[in-house]
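Below is one structure, written out as structure tokens, with a few remarks after it.
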Amino acid sequence: MGQRIFNFSAGPATMPVTVLETIQREMLDYKGEGMSIMEMSHRSKTFDAIVVEAEALVREIMGFSDQYQTLFLQGGATGQFAAVPLNLSQPGKVAEYIDSGSWSSKAVKEAEKLGKPFRVTAASKADKYRHIPTDFVVGKDAAYVHITSNNTIYGTQWQNFPDTGSVPLVADMSSDFYCKRFDPNRFGLIYAGAQKNAGPSGVTIIVVRKDLLARSPKDIPTIFNYQINAEKNSLYNTPNTFGIYVVNLVMHWIKNQGGIDQVEKINRQKAKLLYDALDGSDFYRPYADAGSRSLMNVTWNCPSEELEKKFIAEATAAGLSGLKGHRSIGGIRASIYNAMPMAGVERLIEFMRDFEKKS
Ligand SMILES: Cc1ncc(COP(=O)(O)O)c(C=O)c1O
């Protein structure tokens, strides 16, 4: 086997090595079945046991009550940008969106395209999305409030979730899914494409409060209908069986290392190390405002674009990949998801210090 490098890609992203090893071990013969999970019927007892376990583990790990259900659907977070307004809009009510980055505004555009009443209640576009807009009041006529809990491109993250009272809070948690503890029972619905913190691309995790399922209109496409997918336990049609199997392994990986609190502790240590390195340098300039910094995506600039290109090329050659900032803002972005080991962050900081010294 070749040597593994440190992969700082924003997603699909680095996976826990023990999970990859389990997949490798079980690839040809899943627990004596004589076939791989990806060759097995989604209606088989074996697969059913996996989806039932994963459904429960996703809720258990964060402490969702039994008033919630996990769904494993397809279409990515982008699919959910449409599914949320399709299912949760209500006659006479307006969906509220907090625009904290490109992904939030893409979610708004889908609601708009579908002709659902919406308003952008707060936005941080004016400062190029360097902070999370937290100063807003939710209208009494709100159908739901949609936030993006972590803005992958800009490296900003909600530090405390807003209190929306009886209005369901909906969050796109694609890039900070299960990176830290939060009170899950304050949410109406959360969703995340799995490919950053929970597994491979192609499976979308949704946790929805069951009373909201009654909102799903009958005339929307079945594939997006939360109520039908919930009734069929995510098996209305052929799901991403392999993806759900891997998500289940990742949930076990979280649980086996001591659960969310342990994951959060390590994430905070990794992020502190990296932010301290940035703050201690006059050469690197952090992108996000200090009060909105993400634990997952750390963004910064070098003194010039030319130096940024050099930084990325030399880092790649040194086995530190995926550090190029998103094409919309440039710069450097280190995605330090749950599966990025401390050693990766330490190696990156070492590289940064050497690069600064010789530049
Ligand atoms: C916060 C956030 N939302 C949505 C998306 C889009 O996800 P998908 O590609 O699964 O549709 C991304 C992708 O990077 C993201 O980071």
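Read-outs: derived from the displayed coordinates by stated rules, not from any lab. Just so you know, these numbers come straight off a predicted model, no measurement behind them. Because the Cβ atoms are built from the backbone with ideal geometry, glycine has one as well, and the counts that use them run over all protein chains shown.
Quick notes on this structure:
- Ratio of the Cα radius of gyration of the chain to 2.2 N^0.38 Å, where N counts its residues: 1.00
- Positive-pole candidate from M251, I228, G199, dipole of segment 199-276, charges at beta carbon: M251
- Burial order of peptide ranges 128-140, 15-27 (average beta-carbon count within 10 Å, highest first): 128-140, 15-27
- Above-threshold pairs, the threshold being 27 Å between Cα atoms, out of K272/K309; K196/K255; K196/K309; K140/K180; K140/K196; K109/K180: K140/K180; K140/K196; K109/K180
- Cα-based Rg / Dmax (Å) for segment 10-85: 15.3, 44
- Overall, segment 18-256 carries a charge dipole of about 460 debye about its Cα centre when +1 sits on the Cβ of Lys and Arg and -1 on the Cβ of Asp and Glu, all other atoms neutral.
- The string of couplings for segment 158-173 from the Karplus curve (6.51, -1.76, 1.60, θ = phi - 60°) is 4, 8, 9, 7, x, 8, 9, x, 8, 7, x, 8, 10, 10, 7, 9 Hz, one whole number per residue in order, with x for Gly and Pro.
- Segment 102-146: translational diffusion in µm²/s, Stokes-Einstein, Kirkwood Rh over Cα pairs, 20 °C, 1.002 mPa s: 183
- Across segment 84-94, coupling constants 3J(HN,Hα) worked out from phi with the 6.51/-1.76/1.60 Karplus curve, θ = phi - 60°, read 4, x, 4, 8, 9, 5, 9, x, x, 10, 10 Hz, and Gly and Pro carry x.
- Under 20 Å of direct C-alpha separation, and excluding same-chain neighbours fewer than eight residues apart, K106 reaches these aspartates and glutamates: E96, D127, D172, D176.
- Fully extending the segment from D261 to D282 would add 4.2 nm, taking 0.36 nm per residue of separation and subtracting the current Cα-Cα distance.
- Shape of segment 151-244, Cα gyration tensor, a/c cut at 1.5: oblate
- Computed extension length for E350-T222: 41.0 nm, one decimal, from 0.36 nm per residue of separation with the Cα-Cα distance subtracted.
- Only helices enter this figure: runs of n ≥ 4 DSSP H residues, each worth -39500 (n - 2.57), summed and divided by the residues of the chain, yield -11000 deg cm²/dmol at 222 nm to the nearest 500.
- Selection from P85, Y30, G139 lying farthest towards where the dipole of segment 26-181 points positive, charges on Cβ: G139
- Straight Cα distances below 19 angstrom link K210 to the lysines K218, K232, with same-chain residues fewer than 8 positions distant left out.
- At 1.306 mPa s and 10 °C, Stokes diffusion of segment 259-358 via Kirkwood alpha-carbon radius, µm² per second: 115
- In this structure, T316 and E112 have a Cβ-Cβ separation that, at R0 = 35 Å, corresponds to a calculated FRET efficiency of about 0.35.
- P(r) tail for segment 60-100: Cα pairs beyond 11 Å make up 76% of the total.
- Applying 0.36 nm per residue to the separation of Q269 and V137 and subtracting their alpha-carbon distance, the gain on full extension is 44.2 nm.
- Radius of gyration and Dmax over the Cα atoms of segment 1-139, both given in Å: 20.6, 60
- Each residue, V120 and R181, gets one label point 7 Å from its Cα in the Cβ direction; the gap between the two is 3.6 nm.
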